[in-house]
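As C-alpha coordinates, the structure follows; a few thoughts come after it.
The values are calculated or read from the model by the stated rules, or taken from the named source; none is laboratory data. Only a predicted model underlies this, so the values are computations on that prediction, with no experimental measurement involved. Because the Cβ atoms are built from the backbone with ideal geometry, glycine has one as well, and the counts that use them run over all protein chains shown. The accessibility values were calculated without ligands, DNA or RNA, using every heavy atom of the protein model including side chains. Shrake-Rupley method; radii C 1.70, N 1.55, O 1.52, S 1.80 Å.
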Amino acid sequence: MIDKRQFLKGAGAAVLAALAPARVSAQSNAPRLTMPPLLDATKTGRFALRAGAGQVSFLGSVASDTWGFNAPYLGPVLRVPHQGEVQAQIENALAEDISVHWHGLIIPGDVDGGPMQPIAPQGAWSPVLPIDQPPATIWYHSHIHERTAAHVQKGLSGVIHLVDGRDQERGLPTEYGVDDLTLVLQDRRADPSGRVTYAPSMHDRMMGFEGDIVLVNGQFGAQAVVPRGIVRLRLLNGSNARIFVLGMDDGRLLHLIATDSGLLDQPTSLEFLTLAPGERAEVLVDFGDGLDAALISGPSPNTGLGLAAPVMPFRVDDTLTPRITSLPTGLGGSRPDLPESGALRREFSLDMRMGMGMMMGGGLTINGASYDMNTVNFTAERGQVEHWVVNGAMMMHPFHVHGVAFQVLRENGGPPRDQNIGWKDTVLINGQAELLMRFDHPASPALPYMYHCHILEHEDGGMMGQFAVD
Ligand code: C2O
Ligand code: CU
Ligand code: CU
(Lines give C-alpha, C1' and ligand atoms only; values in the text may rest on other atoms or scores of the structure.)
(Ligands and ions follow the chains in the order given, each with its own letter.)
Protein backbone atom coordinates (compact mmCIF):
# COMPACT_ATOMS: atom_id res chain seq x y z
CA MET A 1 0.00 0.00 0.00
CA ILE A 2 1.13 3.53 -0.64
CA ASP A 3 1.96 5.93 2.13
CA LYS A 4 -1.24 7.84 2.67
CA ARG A 5 0.18 10.97 4.16
CA GLN A 6 2.76 11.31 1.47
CA PHE A 7 -0.03 10.99 -1.03
CA LEU A 8 -1.84 13.98 0.30
CA LYS A 9 1.18 16.07 0.97
CA GLY A 10 2.92 17.12 -2.15
CA ALA A 11 5.08 14.41 -3.56
CA GLY A 12 1.79 13.59 -5.21
CA ALA A 13 2.72 14.27 -8.78
CA ALA A 14 5.68 11.94 -8.62
CA VAL A 15 3.58 9.29 -6.96
CA LEU A 16 0.93 9.71 -9.59
CA ALA A 17 3.43 9.55 -12.43
CA ALA A 18 4.99 6.41 -11.01
CA LEU A 19 1.61 4.76 -10.73
CA ALA A 20 0.12 5.95 -13.96
CA PRO A 21 -0.33 3.55 -16.81
CA ALA A 22 1.84 4.38 -19.79
CA ARG A 23 0.56 7.40 -21.68
CA VAL A 24 -2.73 6.66 -23.24
CA SER A 25 -3.31 8.11 -26.61
CA ALA A 26 -6.72 9.18 -27.75
CA GLN A 27 -8.31 6.90 -30.28
CA SER A 28 -10.42 8.05 -33.13
CA ASN A 29 -12.65 4.99 -32.89
CA ALA A 30 -13.54 5.34 -29.18
CA PRO A 31 -17.12 6.42 -28.54
CA ARG A 32 -17.55 10.10 -27.82
CA LEU A 33 -18.44 11.11 -24.30
CA THR A 34 -21.92 12.51 -24.01
CA MET A 35 -23.30 14.82 -21.36
CA PRO A 36 -26.41 14.06 -19.34
CA PRO A 37 -29.41 15.85 -20.87
CA LEU A 38 -29.59 19.47 -19.72
CA LEU A 39 -32.79 20.52 -17.97
CA ASP A 40 -32.82 24.29 -17.79
CA ALA A 41 -34.91 25.67 -14.92
CA THR A 42 -33.53 29.20 -15.06
CA LYS A 43 -36.53 30.59 -16.98
CA THR A 44 -39.29 28.35 -15.64
CA GLY A 45 -38.24 28.12 -11.99
CA ARG A 46 -39.30 24.47 -11.95
CA PHE A 47 -38.13 20.99 -12.86
CA ALA A 48 -39.56 17.48 -12.74
CA LEU A 49 -37.75 14.22 -12.04
CA ARG A 50 -39.22 10.75 -12.33
CA ALA A 51 -37.30 7.85 -10.80
CA GLY A 52 -37.68 4.65 -12.79
CA ALA A 53 -35.97 1.42 -13.78
CA GLY A 54 -34.06 0.80 -16.99
CA GLN A 55 -31.36 -1.26 -18.62
CA VAL A 56 -27.95 -0.19 -19.85
CA SER A 57 -25.22 -2.13 -21.69
CA PHE A 58 -22.17 -0.56 -20.08
CA LEU A 59 -19.61 -3.04 -21.44
CA GLY A 60 -20.26 -5.11 -24.49
CA SER A 61 -23.79 -6.18 -25.20
CA VAL A 62 -24.96 -7.63 -21.88
CA ALA A 63 -27.42 -5.29 -20.19
CA SER A 64 -27.37 -4.34 -16.51
CA ASP A 65 -30.50 -3.42 -14.55
CA THR A 66 -30.31 0.23 -13.63
CA TRP A 67 -32.29 3.09 -12.15
CA GLY A 68 -32.33 6.71 -13.14
CA PHE A 69 -34.22 9.99 -13.16
CA ASN A 70 -35.92 10.65 -16.52
CA ALA A 71 -33.39 8.19 -17.99
CA PRO A 72 -32.31 4.56 -17.57
CA TYR A 73 -29.24 5.58 -15.57
CA LEU A 74 -28.42 8.82 -13.66
CA GLY A 75 -30.49 11.98 -14.03
CA PRO A 76 -30.34 15.19 -16.04
CA VAL A 77 -28.05 18.11 -15.26
CA LEU A 78 -30.38 20.68 -13.72
CA ARG A 79 -29.48 24.28 -14.46
CA VAL A 80 -30.91 26.26 -11.56
CA PRO A 81 -30.63 29.94 -10.55
CA HIS A 82 -28.44 30.47 -7.48
CA GLN A 83 -31.07 32.73 -5.93
CA GLY A 84 -34.82 32.34 -5.79
CA GLU A 85 -37.43 29.69 -5.23
CA VAL A 86 -37.43 26.60 -7.40
CA GLN A 87 -40.34 24.19 -7.57
CA ALA A 88 -39.16 20.58 -7.70
CA GLN A 89 -41.52 17.78 -8.67
CA ILE A 90 -40.35 14.23 -7.96
CA GLU A 91 -42.22 11.06 -8.81
CA ASN A 92 -41.23 7.58 -7.75
CA ALA A 93 -42.04 4.89 -10.31
CA LEU A 94 -39.83 2.32 -8.53
CA ALA A 95 -41.03 -0.45 -6.23
CA GLU A 96 -39.32 0.84 -3.09
CA ASP A 97 -38.91 4.06 -1.11
CA ILE A 98 -36.41 6.56 -2.46
CA SER A 99 -35.54 10.11 -1.49
CA VAL A 100 -33.89 13.03 -3.24
CA HIS A 101 -31.30 14.82 -1.17
CA TRP A 102 -29.76 18.02 -2.53
CA HIS A 103 -26.14 17.45 -1.55
CA GLY A 104 -24.63 20.93 -1.38
CA LEU A 105 -27.78 23.04 -1.36
CA ILE A 106 -27.92 25.19 1.75
CA ILE A 107 -31.63 24.95 2.40
CA PRO A 108 -33.82 24.22 5.46
CA GLY A 109 -34.14 20.71 6.87
CA ASP A 110 -37.76 20.36 5.78
CA VAL A 111 -36.76 20.31 2.08
CA ASP A 112 -33.34 18.63 2.45
CA GLY A 113 -34.55 15.22 1.24
CA GLY A 114 -32.73 13.01 3.73
CA PRO A 115 -33.77 9.65 5.21
CA MET A 116 -36.72 11.23 7.05
CA GLN A 117 -38.35 12.15 3.74
CA PRO A 118 -38.96 8.93 1.82
CA ILE A 119 -41.07 8.98 -1.32
CA ALA A 120 -43.15 5.82 -1.45
CA PRO A 121 -43.60 3.73 -4.61
CA GLN A 122 -46.00 5.58 -6.93
CA GLY A 123 -45.68 8.53 -4.57
CA ALA A 124 -44.56 12.09 -5.22
CA TRP A 125 -42.77 14.91 -3.43
CA SER A 126 -42.97 18.55 -4.46
CA PRO A 127 -40.73 20.73 -2.32
CA VAL A 128 -40.11 24.39 -3.04
CA LEU A 129 -36.36 24.95 -2.71
CA PRO A 130 -35.50 28.41 -1.38
CA ILE A 131 -32.06 28.83 -2.93
CA ASP A 132 -29.68 31.62 -1.98
CA GLN A 133 -25.99 30.76 -2.22
CA PRO A 134 -23.09 31.36 -4.63
CA PRO A 135 -22.97 29.50 -7.98
CA ALA A 136 -21.67 25.94 -7.56
CA THR A 137 -21.79 22.39 -8.85
CA ILE A 138 -24.19 20.42 -6.67
CA TRP A 139 -25.15 16.75 -6.46
CA TYR A 140 -28.56 15.18 -5.92
CA HIS A 141 -29.01 11.57 -4.86
CA SER A 142 -31.28 9.14 -3.04
CA HIS A 143 -30.61 8.98 0.71
CA ILE A 144 -32.70 6.20 2.25
CA HIS A 145 -31.51 4.74 5.54
CA GLU A 146 -29.42 1.61 4.86
CA ARG A 147 -30.17 1.83 1.12
CA THR A 148 -28.17 4.85 -0.04
CA ALA A 149 -25.26 2.74 -1.29
CA ALA A 150 -27.52 0.46 -3.36
CA HIS A 151 -29.55 3.38 -4.74
CA VAL A 152 -26.54 5.40 -5.84
CA GLN A 153 -24.94 2.30 -7.41
CA LYS A 154 -28.13 1.71 -9.38
CA GLY A 155 -28.03 5.24 -10.74
CA LEU A 156 -30.20 7.48 -8.60
CA SER A 157 -28.09 10.60 -8.74
CA GLY A 158 -27.43 13.65 -10.87
CA VAL A 159 -25.79 17.06 -11.02
CA ILE A 160 -27.09 20.59 -10.52
CA HIS A 161 -25.39 23.67 -11.95
CA LEU A 162 -26.29 26.59 -9.72
CA VAL A 163 -25.74 29.58 -11.97
CA ASP A 164 -25.84 33.38 -11.91
CA GLY A 165 -25.37 33.91 -15.66
CA ARG A 166 -22.07 35.77 -15.18
CA ASP A 167 -19.51 33.13 -16.15
CA GLN A 168 -18.90 34.80 -19.54
CA GLU A 169 -17.86 38.00 -17.74
CA ARG A 170 -15.59 35.90 -15.58
CA GLY A 171 -13.90 34.52 -18.68
CA LEU A 172 -15.02 30.97 -17.90
CA PRO A 173 -16.07 28.34 -20.42
CA THR A 174 -19.87 28.05 -20.50
CA GLU A 175 -20.80 26.02 -23.56
CA TYR A 176 -22.46 22.90 -22.22
CA GLY A 177 -20.78 19.76 -23.46
CA VAL A 178 -18.30 21.69 -25.62
CA ASP A 179 -15.91 23.58 -23.37
CA ASP A 180 -17.93 23.18 -20.14
CA LEU A 181 -17.98 19.46 -19.38
CA THR A 182 -19.79 17.76 -16.52
CA LEU A 183 -18.04 14.53 -15.52
CA VAL A 184 -19.69 12.14 -13.07
CA LEU A 185 -16.96 9.68 -12.08
CA GLN A 186 -18.07 6.30 -10.73
CA ASP A 187 -16.13 3.08 -10.34
CA ARG A 188 -17.98 -0.18 -10.85
CA ARG A 189 -17.44 -3.93 -10.86
CA ALA A 190 -18.51 -6.09 -13.75
CA ASP A 191 -18.91 -9.85 -13.94
CA PRO A 192 -17.22 -11.76 -16.80
CA SER A 193 -20.24 -11.22 -19.05
CA GLY A 194 -19.92 -7.46 -18.65
CA ARG A 195 -22.88 -7.00 -16.34
CA VAL A 196 -22.29 -4.39 -13.63
CA THR A 197 -22.89 -5.96 -10.24
CA TYR A 198 -23.25 -4.77 -6.66
CA ALA A 199 -23.05 -7.49 -4.03
CA PRO A 200 -20.91 -6.05 -1.24
CA SER A 201 -19.04 -8.57 0.88
CA MET A 202 -18.22 -8.09 4.57
CA HIS A 203 -14.86 -6.73 3.44
CA ASP A 204 -16.59 -4.24 1.12
CA ARG A 205 -18.80 -3.09 3.96
CA MET A 206 -15.70 -2.38 6.02
CA MET A 207 -13.43 -0.86 3.40
CA GLY A 208 -16.10 0.51 1.07
CA PHE A 209 -17.11 -1.04 -2.24
CA GLU A 210 -14.57 -0.29 -4.97
CA GLY A 211 -14.57 -1.42 -8.58
CA ASP A 212 -11.85 -1.55 -11.19
CA ILE A 213 -13.67 0.03 -14.11
CA VAL A 214 -14.71 3.65 -14.25
CA LEU A 215 -17.84 5.09 -15.78
CA VAL A 216 -17.98 8.74 -16.81
CA ASN A 217 -21.58 9.94 -17.03
CA GLY A 218 -22.55 6.27 -17.08
CA GLN A 219 -20.32 5.52 -20.09
CA PHE A 220 -17.41 3.12 -20.20
CA GLY A 221 -14.42 3.72 -22.46
CA ALA A 222 -15.62 7.02 -23.89
CA GLN A 223 -13.37 9.87 -24.92
CA ALA A 224 -14.08 13.58 -24.70
CA VAL A 225 -13.62 15.71 -27.79
CA VAL A 226 -12.56 19.25 -26.92
CA PRO A 227 -11.61 22.51 -28.67
CA ARG A 228 -8.00 23.70 -28.79
CA GLY A 229 -8.36 26.03 -25.82
CA ILE A 230 -9.35 26.16 -22.17
CA VAL A 231 -11.82 23.49 -21.09
CA ARG A 232 -13.78 23.47 -17.84
CA LEU A 233 -14.35 20.16 -16.09
CA ARG A 234 -17.04 20.01 -13.44
CA LEU A 235 -15.95 16.89 -11.61
CA LEU A 236 -18.18 14.91 -9.26
CA ASN A 237 -17.01 11.80 -7.50
CA GLY A 238 -20.27 9.88 -7.50
CA SER A 239 -18.67 6.60 -6.44
CA ASN A 240 -19.68 4.68 -3.35
CA ALA A 241 -16.19 4.52 -1.87
CA ARG A 242 -13.36 5.08 -4.33
CA ILE A 243 -11.15 8.10 -3.77
CA PHE A 244 -9.72 9.34 -7.07
CA VAL A 245 -6.28 10.91 -7.19
CA LEU A 246 -6.63 12.75 -10.46
CA GLY A 247 -4.02 14.20 -12.76
CA MET A 248 -3.23 14.49 -16.46
CA ASP A 249 -1.03 11.79 -17.96
CA ASP A 250 1.36 14.32 -19.53
CA GLY A 251 1.68 16.35 -16.33
CA ARG A 252 -0.29 19.38 -17.52
CA LEU A 253 -1.86 21.20 -14.63
CA LEU A 254 -5.38 21.22 -13.31
CA HIS A 255 -6.35 24.81 -12.53
CA LEU A 256 -8.81 24.60 -9.66
CA ILE A 257 -11.51 27.28 -9.94
CA ALA A 258 -14.23 25.96 -7.64
CA THR A 259 -14.59 23.63 -4.69
CA ASP A 260 -17.82 21.97 -3.49
CA SER A 261 -19.65 25.15 -2.57
CA GLY A 262 -18.50 27.57 -5.24
CA LEU A 263 -15.82 29.59 -6.99
CA LEU A 264 -12.46 30.50 -5.52
CA ASP A 265 -11.17 34.06 -5.61
CA GLN A 266 -8.57 33.03 -8.20
CA PRO A 267 -7.43 29.81 -9.91
CA THR A 268 -5.03 27.54 -8.02
CA SER A 269 -2.77 25.25 -10.04
CA LEU A 270 -2.63 21.63 -8.95
CA GLU A 271 -0.53 18.78 -10.25
CA PHE A 272 -3.07 16.39 -8.83
CA LEU A 273 -6.45 16.57 -7.19
CA THR A 274 -7.79 14.13 -4.64
CA LEU A 275 -11.53 13.72 -5.12
CA ALA A 276 -13.41 11.66 -2.53
CA PRO A 277 -17.01 10.45 -2.80
CA GLY A 278 -19.40 13.39 -2.54
CA GLU A 279 -16.77 16.01 -3.40
CA ARG A 280 -17.01 18.24 -6.44
CA ALA A 281 -14.29 20.32 -8.01
CA GLU A 282 -14.19 22.51 -11.08
CA VAL A 283 -10.91 22.68 -12.92
CA LEU A 284 -9.71 24.33 -16.11
CA VAL A 285 -7.41 22.35 -18.40
CA ASP A 286 -5.51 24.10 -21.18
CA PHE A 287 -5.56 22.22 -24.48
CA GLY A 288 -4.16 25.23 -26.36
CA ASP A 289 -1.14 23.18 -27.47
CA GLY A 290 -3.48 21.02 -29.52
CA LEU A 291 -2.17 17.82 -27.97
CA ASP A 292 -4.36 14.96 -26.79
CA ALA A 293 -4.04 13.96 -23.15
CA ALA A 294 -5.84 11.76 -20.63
CA LEU A 295 -7.23 12.24 -17.17
CA ILE A 296 -5.84 9.45 -15.00
CA SER A 297 -6.11 8.37 -11.40
CA GLY A 298 -3.71 6.75 -8.98
CA PRO A 299 -4.97 3.74 -7.02
CA SER A 300 -7.37 4.08 -4.14
CA PRO A 301 -5.49 5.50 -1.13
CA ASN A 302 -7.67 3.34 1.13
CA THR A 303 -7.22 -0.05 -0.50
CA GLY A 304 -4.42 0.34 -3.05
CA LEU A 305 -6.79 -0.93 -5.75
CA GLY A 306 -6.21 0.66 -9.12
CA LEU A 307 -8.37 1.18 -12.16
CA ALA A 308 -8.06 -0.95 -15.27
CA ALA A 309 -7.93 2.06 -17.60
CA PRO A 310 -7.47 5.83 -17.56
CA VAL A 311 -10.41 7.84 -16.27
CA MET A 312 -10.83 9.50 -19.65
CA PRO A 313 -8.84 10.44 -22.75
CA PHE A 314 -9.36 13.85 -24.37
CA ARG A 315 -8.97 14.38 -28.10
CA VAL A 316 -8.45 17.89 -29.40
CA ASP A 317 -10.60 18.69 -32.44
CA ASP A 318 -9.18 21.58 -34.44
CA THR A 319 -12.47 22.15 -36.21
CA LEU A 320 -14.08 23.30 -32.95
CA THR A 321 -13.59 27.02 -32.38
CA PRO A 322 -12.04 27.65 -28.97
CA ARG A 323 -13.94 30.31 -27.02
CA ILE A 324 -11.54 30.78 -24.12
CA THR A 325 -7.79 30.68 -24.70
CA SER A 326 -6.35 32.17 -21.53
CA LEU A 327 -6.85 31.50 -17.86
CA PRO A 328 -8.97 34.04 -16.01
CA THR A 329 -7.22 35.79 -13.14
CA GLY A 330 -10.00 36.88 -10.80
CA LEU A 331 -13.00 34.59 -10.40
CA GLY A 332 -15.07 36.69 -8.02
CA GLY A 333 -15.51 33.87 -5.52
CA SER A 334 -14.46 34.09 -1.91
CA ARG A 335 -12.04 32.52 0.51
CA PRO A 336 -13.76 31.54 3.71
CA ASP A 337 -12.63 33.43 6.79
CA LEU A 338 -15.01 32.60 9.60
CA PRO A 339 -13.83 33.74 13.05
CA GLU A 340 -12.28 30.96 15.12
CA SER A 341 -12.51 32.84 18.38
CA GLY A 342 -15.85 32.47 20.08
CA ALA A 343 -16.68 29.42 17.98
CA LEU A 344 -18.48 26.54 19.70
CA ARG A 345 -16.28 23.45 19.71
CA ARG A 346 -17.58 19.96 18.92
CA GLU A 347 -15.58 16.79 18.45
CA PHE A 348 -16.43 13.90 16.19
CA SER A 349 -14.63 10.64 15.90
CA LEU A 350 -15.36 8.35 12.98
CA ASP A 351 -14.70 4.88 14.28
CA MET A 352 -14.48 1.36 12.95
CA ARG A 353 -14.63 -1.64 15.22
CA MET A 354 -13.31 -4.49 13.16
CA GLY A 355 -13.75 -8.22 13.67
CA MET A 356 -16.61 -9.29 15.89
CA GLY A 357 -17.98 -5.80 16.39
CA MET A 358 -18.26 -5.40 12.66
CA MET A 359 -19.82 -8.83 12.15
CA MET A 360 -22.43 -8.24 14.80
CA GLY A 361 -23.35 -4.85 13.36
CA GLY A 362 -22.72 -1.61 15.18
CA GLY A 363 -19.07 -1.53 14.12
CA LEU A 364 -19.30 1.75 12.21
CA THR A 365 -19.92 4.69 14.48
CA ILE A 366 -19.49 8.38 15.17
CA ASN A 367 -18.54 9.12 18.78
CA GLY A 368 -19.27 5.50 19.62
CA ALA A 369 -22.84 5.45 18.34
CA SER A 370 -24.31 4.02 15.17
CA TYR A 371 -26.94 6.09 13.38
CA ASP A 372 -30.35 5.85 14.97
CA MET A 373 -33.28 7.46 13.17
CA ASN A 374 -34.93 8.11 16.52
CA THR A 375 -32.05 10.00 18.08
CA VAL A 376 -31.21 13.62 17.33
CA ASN A 377 -27.56 13.77 18.33
CA PHE A 378 -27.44 17.51 19.11
CA THR A 379 -29.03 20.84 18.36
CA ALA A 380 -27.08 23.72 16.86
CA GLU A 381 -28.02 27.34 17.07
CA ARG A 382 -28.59 29.47 14.02
CA GLY A 383 -25.96 32.18 13.54
CA GLN A 384 -23.44 30.61 15.94
CA VAL A 385 -20.04 29.82 14.45
CA GLU A 386 -19.03 26.23 15.24
CA HIS A 387 -15.59 24.65 15.28
CA TRP A 388 -15.79 20.93 14.45
CA VAL A 389 -12.79 18.76 15.15
CA VAL A 390 -13.21 15.58 13.13
CA ASN A 391 -10.97 12.54 13.61
CA GLY A 392 -11.06 9.52 11.36
CA ALA A 393 -9.82 6.09 12.40
CA MET A 394 -8.27 3.25 10.38
CA MET A 395 -8.63 4.79 6.93
CA MET A 396 -9.60 7.96 5.11
CA HIS A 397 -13.22 9.02 5.43
CA PRO A 398 -14.95 11.75 3.39
CA PHE A 399 -16.96 13.69 5.98
CA HIS A 400 -20.08 15.51 4.78
CA VAL A 401 -22.42 17.92 6.56
CA HIS A 402 -25.89 18.84 5.34
CA GLY A 403 -27.26 22.37 5.31
CA VAL A 404 -24.00 24.27 5.33
CA ALA A 405 -20.79 25.25 3.55
CA PHE A 406 -17.76 25.07 5.79
CA GLN A 407 -14.20 26.30 5.94
CA VAL A 408 -11.38 23.82 6.36
CA LEU A 409 -9.44 25.56 9.11
CA ARG A 410 -6.68 23.03 9.61
CA GLU A 411 -5.70 19.53 8.55
CA ASN A 412 -3.62 17.57 11.06
CA GLY A 413 -2.75 20.82 12.81
CA GLY A 414 -1.40 22.52 9.67
CA PRO A 415 -2.93 24.69 6.97
CA PRO A 416 -5.47 23.05 4.67
CA ARG A 417 -4.26 21.41 1.48
CA ASP A 418 -4.33 23.73 -1.56
CA GLN A 419 -7.44 22.03 -2.90
CA ASN A 420 -9.30 22.69 0.35
CA ILE A 421 -8.92 26.48 0.56
CA GLY A 422 -12.44 27.19 -0.68
CA TRP A 423 -15.92 26.61 0.74
CA LYS A 424 -16.68 22.90 1.12
CA ASP A 425 -19.44 20.57 2.25
CA THR A 426 -17.43 17.34 2.09
CA VAL A 427 -13.82 16.92 3.17
CA LEU A 428 -11.56 13.90 3.18
CA ILE A 429 -10.44 13.17 6.72
CA ASN A 430 -6.94 11.70 6.71
CA GLY A 431 -6.24 11.85 10.41
CA GLN A 432 -7.86 15.07 11.57
CA ALA A 433 -9.58 18.05 10.03
CA GLU A 434 -10.90 21.12 11.81
CA LEU A 435 -13.86 22.86 10.25
CA LEU A 436 -15.55 26.21 10.84
CA MET A 437 -19.20 26.63 9.93
CA ARG A 438 -22.32 28.58 10.71
CA PHE A 439 -25.85 27.30 10.21
CA ASP A 440 -28.25 29.87 8.82
CA HIS A 441 -31.33 27.73 8.19
CA PRO A 442 -33.58 25.80 10.58
CA ALA A 443 -33.89 22.05 10.76
CA SER A 444 -36.48 20.61 13.14
CA PRO A 445 -35.83 17.51 15.25
CA ALA A 446 -38.39 15.72 13.05
CA LEU A 447 -36.58 16.69 9.82
CA PRO A 448 -32.96 17.08 10.93
CA TYR A 449 -29.75 17.47 8.94
CA MET A 450 -27.28 14.59 8.61
CA TYR A 451 -23.52 14.46 9.06
CA HIS A 452 -21.75 11.32 7.91
CA CYS A 453 -18.98 9.52 6.16
CA HIS A 454 -19.69 9.59 2.42
CA ILE A 455 -18.26 6.13 1.84
CA LEU A 456 -21.79 4.89 1.31
CA GLU A 457 -21.21 1.48 2.87
CA HIS A 458 -20.03 3.34 5.99
CA GLU A 459 -22.99 5.70 5.95
CA ASP A 460 -25.47 2.84 5.58
CA GLY A 461 -23.54 0.87 8.21
CA GLY A 462 -24.06 3.56 10.83
CA MET A 463 -21.27 6.13 10.46
CA MET A 464 -23.82 8.92 10.48
CA GLY A 465 -25.53 11.21 12.93
CA GLN A 466 -28.23 13.87 12.74
CA PHE A 467 -28.78 17.27 14.28
CA ALA A 468 -31.39 19.96 14.50
CA VAL A 469 -30.83 23.69 14.01
CA ASP A 470 -32.86 26.04 16.14
CU1 C2O B 1 -24.49 13.23 -0.31
CU2 C2O B 1 -26.05 12.95 3.35
O3 C2O B 1 -25.33 13.10 1.48
CU1 CU C 1 -25.73 16.22 1.71
CU1 CU D 1 -15.89 6.13 6.35
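Observations on the model:
- Take the conditions (1) open to solvent by less than 10 Å² (accessible area, probe 1.4 Å); (2) part of a strand (DSSP E or B); (3) not small (Gly, Ala, Ser); Arg242 misses just one of them, which is (2).
- Checked against the criterion of being open to solvent by 10 Å² or more (accessible area, probe 1.4 Å) and β-branched (Val, Ile, Thr), the candidates Ile213, Ile230 yield just one match: Ile213.
Yes/no per residue for (1) touching a residue at least 60 places away in the same chain (Cβ under 8 Å); (2) touching a helix residue (DSSP H, G or I) at 6+ places or on another chain (Cβ under 6 Å); (3) in the same structural domain as Trp102 (by TED's automatic domain parsing); (4) over 21 Å from Gly304 (Cα atoms):
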position	(1), (2), (3), (4)
Val214	yes, no, no, no
Leu246	yes, no, no, no
Arg252	no, no, no, yes
His255	yes, no, no, yes
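- One residue stands out in the stretch 388-435 among those that are at pLDDT 95 or above and at positive phi: the one that is surrounded by the fewest Cβ atoms within 10 Å (Cβ to Cβ), namely Gly413.
- Just one of the numbered conditions (1) open to solvent by less than 30 Å² (accessible area, probe 1.4 Å); (2) at pLDDT 95 or above is not true of Gly357: (2).
- Candidate set from the stretch 429-450 (those that are over 21 Å from Glu340 (Cα atoms) and part of a strand (DSSP E or B)); member that is farthest from ligand 3 (Cβ to nearest atom): Ala443
- When restricted to residues that are within 16 Å of ligand 3 (Cβ to nearest atom) and free of Cβ contacts under 8 Å to residues at least 40 places away in the same chain, the stretch 397-417 contains 0.
- In the stretch 382-411, the residues that are part of a loop (DSSP other than H, G, I, E, B) and within 16 Å of ligand 2 (Cβ to nearest atom): His402, Gly403, Val404, Ala405
- Scanning the stretch 102-153 for residues that are within 14 Å of ligand 2 (Cβ to nearest atom) and among the hydrophobic types (A, V, I, L, M, F, W, C) yields Trp102, Leu105, Ile106, Ile107, Val111, Met116, Leu129, Ala136, Ile138, Trp139, Ile144, Val152.
- Filtered residue count, the stretch 436-465, keeping only those that are within 14 Å of ligand 1 (Cβ to nearest atom), more than 20 Å from the chain's Cα centre (by Cα) and buried (at least 23 other Cβ atoms within 10 Å of the Cβ): 2
- Unmet criterion (only one of (1) open to solvent by 20 Å² or more (accessible area, probe 1.4 Å); (2) of a type in the set (Ser, Thr, Tyr); (3) in a loop (DSSP other than H, G, I, E, B)) for Ser269: (3)
- Exactly one residue out of Thr379, Thr375 is in contact with a strand residue (DSSP E or B) (Cβ under 9 Å, 6 or more places away or on another chain) and assigned to a strand (DSSP E or B): that is Thr379.
- Restricting the search to strands (runs of 3 or more DSSP E) fully inside the stretch 279-347 and requiring at least 2 residues that are outside the structural domain of Ala241 (by TED's automatic domain parsing) and on the phi > 0 side of the Ramachandran plot gives an empty result.
- Per this entry, Ala308 is counted among residues that are open to solvent by 70 Å² or more (accessible area, probe 1.4 Å), within 23 Å of the chain's Cα centre (by Cα) and farther than 28 Å from Gln407 by Cβ.
- For the stretch 451-470, the set of residues classified as part of a loop (DSSP other than H, G, I, E, B) and over 13 Å from Val401 (Cα atoms) consists of Ile455, Gly462, Asp470, listed by residue number.
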